[in-house]
Each structure stands twice: as C-alpha cells, then as structure tokens.
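For reference, the structure is listed below as structure tokens.
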Amino acid sequence: MKLAVILNEAAGTLLGSPIARAVAEIDRGFAAAGVSARVSAARGGAIEREIRAALASDVDAVVIGGGDGTVAAAAGLLLGTGKALGLLPLGTMNLLARDLGMPNTLPAAIRILAAGHTRAIDVAEVNGRVFLNNSVLGLYPTMVRARERQRGVSGWHKWLAIASAVFKSLRYYNLAEVAVDLGQGPRPVRTPALAVVNNVYHDRPDASFLDRPALDEGRLAVYLANHRTRLGLIGLMIRLALGGWQRDAELESLTVTELTVTSPTRHRLRVAIDGEVVRLTPPLVYRIRPKALTVLAPAPAPAPAAGTARFRP
C-alpha cells in the first residue's frame, strides 16, 4: 500500500513544535510498519495543492494530519476518485477520528492506517460543501471564532480556553431568524443554535461528548434549540458536558435526508462547518450522500463464536 501523508502545519497539536520533527517521526512510524508513505507538510491553500498532487499519483490513500475542518476539505476532493482517506488526529477536537475509533496517539494511529482496513461512511453537504461532522448556525460560530483566538494552548488549558470562549460568546448573542423546510414548507424559527449533523448523536446519558454510534445510516440529524434565556443555554451546555443533553425540554431533534434553511433578514449566514466558520448565501440546501467516502479505519471487532456468551465482569 502506498500513502501520501499531508500534515496541516497549523493543526492544533502541531502549533509551537518544529514541523520537521513531526514529519520525521511520522515518516519513521510508517517505515517501521512496512508501508510506503510520502510525508509532507503544508498550510493554507498549499494543502489543497498537495492533495491534488497526491490524487494525480499512484497512491492508494491520502492521509490527512490535521483537524476536522482540514479532513472535511480533503474529503470533498477525494470523493469519486477511488482513493481512501486516512486520518492522523492532530486537531483540537478530532470528532470524526474519535467516532471512527482511531486512537489519539501517533504510533497507534499509524499502526491502524498501515493495516489498510477500509469502510464506507456517509458524507453530508450544504450548498455543495462537504462536511463529515456537523454544520451549525447561531451562537456556535461565534464560539468557534473565540476559540480560534486561543489556538496554541493544549491539555487542560485547551478545555479552559474552550470554556472561556463559550461564556464570552454568551455575553453577546442574538437569536438567529431563519425558516427551516423539511419538505412540508418553510417553518419560521428564532433560535440560538441550529445544528445539522451527519448521522445521529448518541442519546445515552453516559455517551461521550457529541458521540455518534454510526456513520453510515444515511440520515441527517437536526437539533433545534428553542431556548430564550442565557440561563437556559448555560443549562444545555452543562448537560452537553455531563450527559443527558438530548433530554433538554427546549431542544427539538429529528432526522431527515434533506432540508433547506432560508433567512428573511440576511443575505449571508455565518455557519460553522466542521469547526471552520464560513459565510454562505441562503438558501442553505443540506443533503446526505450515503456511504460516499471510503476511509481507513480500525478493523471491526470479531463477532463472538457461535455458542459462546460474552460476560462482563
């Protein structure tokens, strides 16, 4: 198997470290695993050029070392090429890597990628722009921008920075005025947050933060916050951290395969797409593309042998 490994120099876990050291470490890791890998690093628009060059080569897969936004941008380029996408979780949240079951240490992640197991997952898109996790309107894009100003921190400091971004954003927020059409005509809503997610989040109280049990069910999950006070929003965020957030009485949730969002007041809407804030022109047309992307992922756990029982201690 041949791999092109492209690192985003601006990825959260690479900031402040010599990029040459990361390139060398990853190169040694794949060599030790017996895989031919060309490792490079880039930032900004140069990342897309590196990906396009890899797609024009004879590699079997393109591995992205970066966060969810970089991975989603790469996925948009890989669709329909026949090449698989691999992930080295080097970003801030690494939501897709976690849902795929990828380990968060480089040596372990490299071993998984080198094994070459693939699976097909769903891709979501809004106005033709691919996302693999979520697209959120309202307060969240403001939080993302505040979080970006804290880039470069790590460990517990990272989570403190995220908490700081949340509460600073709560000081100044307005309800987004949009109309949501699920196929029965537009429904006007005023909301602090509207999230469209590629497949459904776990609703177990003990589930991890924004954890998805499946990535290939062909559904968009829509979460609409009907909160009108800061106190209500703070309560929702506490439940997000501690579990049970989907049982919030002011949170609406449903699943669809397509939806359209329009705005009676704005010609452009600020949207956070897999952690990257962009401005899109409404209507925002969302759809799901079932099993459209092939990814390198951990092999599924073997099924228990017939006639045996699995016990928990």
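Only the coordinates and a few stated rules stand behind these numbers; no lab work does. These figures come from a predicted structure and were not determined experimentally. Counting neighbours? That spans all protein chains shown, and the Cβs are built from the backbone with ideal geometry, glycine included.
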**OP:** Work out the P(r) tail for the chain: percent of alpha carbon pairs separated by more than 25 Å, whole number.
**Re:** 52 percent
Original post:
Which of GLU217, GLU125 comes first, and how do the rest follow, when ranked by fewest Cβ neighbours within 10 Å?
Top reply: GLU217, GLU125
Original post:
For HIS227, HIS117, HIS267, what ranking results if the residue with the fewest other Cβ atoms within 10 Å of its Cβ goes first?
Top reply: HIS267, HIS117, HIS227
**OP:** List the relative contact order of the chain as a percent without decimals, with contacts defined as Cα pairs under 8 Å and 6+ residues apart.
**Re:** 21 percent
**OP:** For helix 106-115, report the angle its Cα long axis makes with the longest principal axis of the Cα atoms of the chain; keep it between 0 and 90° and round to the nearest 10°.
**Re:** 70 degrees
Original post:
Longest segment of the chain with no chymotrypsin sites (Phe, Trp or Tyr not before Pro) in a DSSP loop having at most 14 other Cβ atoms within 10 Å?
Top reply: 1-171
Original post:
How many percent of DSSP beta bridges within the chain run antiparallel, rounded to 5?
Top reply: 70 percent
Subject >> the range 1-32-the range 71-136 distance, computed between alpha-carbon centres (Å) >> reply: 16 Å
Original post:
Looking only at ILE238, ILE26, ILE51, which one moves most when the chain is put into a Gaussian network model with springs between Cα atoms under 10 Å?
Top reply: ILE238
Subject >> On Cα atoms only, tilt of 45-55 relative to the major axis of the chain in degrees >> reply: 50 degrees
**OP:** Report, in degrees rounded to the nearest 10, the 0 to 90 angle that the Cα long axis of helix 156-171 makes with the longest principal axis of the chain.
**Re:** 20 degrees
